[in-house]
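The values are calculated or read from the model by the stated rules, or taken from the named source; none is laboratory data. None of the values given here were measured: they were computed from a predicted structure. Note: ideal-geometry Cβ built from the backbone for every residue, glycine included; neighbour counts use all protein chains shown. All accessible areas refer to the heavy atoms of the entire protein, side chains included, with ligands and DNA or RNA removed. Shrake-Rupley method; radii C 1.70, N 1.55, O 1.52, S 1.80 Å.
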Amino acid sequence: MKSHDIQHWITTTDPRALGNLYRRADDCRRRFVGDAVHLRGLLNFANICRRNCWYCGLRAERTDLPRYRMSQADILTCARRVEQLGYGTIVLQSGEDHSMDPVWIGEIVRRIKGETGLAVTLSLGERHPLELEVWKRAGADRYLLKFETSNHDLYCRYHPALAGFGGNRLGILAWLRDLGYEIGTGFMVGLPGQTPADLRRDLEMLDMLQPDMIGVGPFIPHPATPLARILADMPARPIDQVPASTGMTLTVLALVRLLCPTANIPATTALGTVDPAYGYESGLTCGANVIMPDVTPRAYREKYEIYPRPLPPSEEDGEADHRRLMDRIRSLGRSVGRGPGAAVSFGHHRGEKNHETSRA
Ligand code: SAH
Ligand code: SF4
């Protein structure tokens, strides 16, 4: 797809044309990755973070937020539950917590791989190449690290660098790929200051990287962050500001599918948060083939508030949520994916055949 076509799609408001785009993306999804919806259990196991991203509710300067890190035993209990639920992957996500011993993480990965049949995805922020290597050797399969925005000025402002730490996310992604990880990346839609030209460049960045997994979700302001305060002080939305809307996110999802046909693309939690009734369904019919249900124990969920989102009233309702999710997937005529659900593209970068996907 050419630059001006991408620009056209992200600025068009014609519902008929957009409907056609969504159908094309849905056909492309069916053709390249099939009807299975892969489920990844998302475990937010620690909220300690040393960074101060302007968009995120976990930023280090928030001293009012109680911090936690789950024990190995609790993480393993969650992993077993993820397997019982029939999901093929656990995603271990946390703040960028450098007080966490990398060997400890390696042990968790090794135990999950030894005691369950799950694929393990890590999302622990910017880490040293040696740590990434230790975790790969322990058995980690995938790593998520979003570039957040391709606009260098916005990125540097909203993602302040740490003294003595380069913070080169694209460099880390290249390193991860060399180590044999499936790599995941993406960006936020509607970040304050993001213009349609920025969004086009975000999409072109994905086209260039051809990641195995791609996460794009709407920006959701958290009241305890600088970005929410800036937004509150703005009298009106600037004319060239990309909206952080469901519609814009769906258009972006559809374009992502057309640009990266074989990638695993979730209907993100952020999309499910801005549109609780239909966010997942809309995402799944505009190109997505993955959902990442939150399996974090209730006691920790309210402390892992990257952006505000409703909590389930009780653990029992978590079970009910799971059954409802299965029904929602099946009501779209889609099946629930089995097995780890590696990206169809994975291995192609390294000239290997992807056995997992052909089994799933
Ligand atoms: N600390 C790790 C992983 C946890 S943050 C990291 O930063 O990579 C996971 C993702 O949440 C981020 O990549 C970002 O894209 C998203 N996120 C953070 N704040 C958000 C907000 N206010 N609205 C929407 N997404 C947000
Ligand atoms: Fe920390 Fe990630 Fe939030 Fe940035 S986005 S403050 S690195 S948890």
### Query
Which value, in Å², gives the accessible area per residue of segment 225-303 when a 1.4 Å probe is used on the protein heavy atoms?
36
### Query
Can you work out the FRET efficiency for the pair Ala174 and Asp240, with r the C-beta to C-beta distance and R0 = 30 Å, to the nearest 0.05?
0.40
### Query
Which peptide among 292-301, 197-206 comes first, and what is the full order, when sorted by highest mean count of other Cβ atoms within 10 Å?
197-206, 292-301
### Message
Need the full-extension length gain, Arg323 to Arg137, defined as separation in residues times 0.36 nm minus the C-alpha distance. One decimal, nm.
### Response
63.4 nm
### Relative packing of peptides 273-286, 214-227 - highest average C-beta neighbours within 10 Å first
214-227, 273-286
### Query
Roughly how compact is segment 46-99, stated as its Cα Rg over 2.2 N^0.38 Å to two decimals?
1.37
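Express the relative contact order of the chain as a whole percentage, based on alpha carbon pairs under 8 Å and six or more residues apart in sequence.
24
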### Message
What is the percent carbon and sulfur in the accessible area of segment 239-313, measuring with a 1.4 Å probe over the protein chains and ignoring ligands?
### Response
62
### Task
Using θ = phi - 60° and the Karplus relation 6.51 cos²θ - 1.76 cosθ + 1.60, list the HN-Hα couplings for segment 236-246 in order, rounded to whole Hz, with x at every Gly or Pro.
8, 6, x, 4, 9, 7, 5, x, 8, 9, 4
### Query
List the cysteines of the chain that have no other Cys Cβ closer than 4.7 Å: which are they?
Cys28, Cys49, Cys78, Cys156, Cys260, Cys286
#### Entry: Per-pair calculated FRET efficiency, R0 = 35 Å: Asp64 and Phe32 via Cβ, rounded to 0.05
0.15
### Task
May I ask what percent, to the nearest 5, of DSSP beta bridges between residues of the chain are antiparallel?
5
### Task
Would you mind calculating the relative contact order of segment 31-125 from Cα pairs under 8 angstrom and at least 6 residues apart, reporting the percent as a whole number?
34
### Task
Work out, step by step, the length gained on full extension between Leu332 and Arg23: first 0.36 nm times the residue separation, then minus their alpha carbon distance; give nm to one decimal.
109.8 nm
### Task
Kindly provide log₁₀ I(q)/I(0) values, in the same order as q = 0.13 Å⁻¹, from the Debye equation applied to equal alpha-carbon scatterers of the chain.
-1.05
### Query
Does segment 1-82 classify as rounded, prolate or oblate by the C-alpha gyration tensor (a ≥ b ≥ c root eigenvalues; a/c under 1.5 gives rounded; else a/b over b/c gives prolate, otherwise oblate)?
oblate
### Query
What's the center-to-center distance, using Cα atoms, between segment 248-325 and segment 1-16 in Å?
25
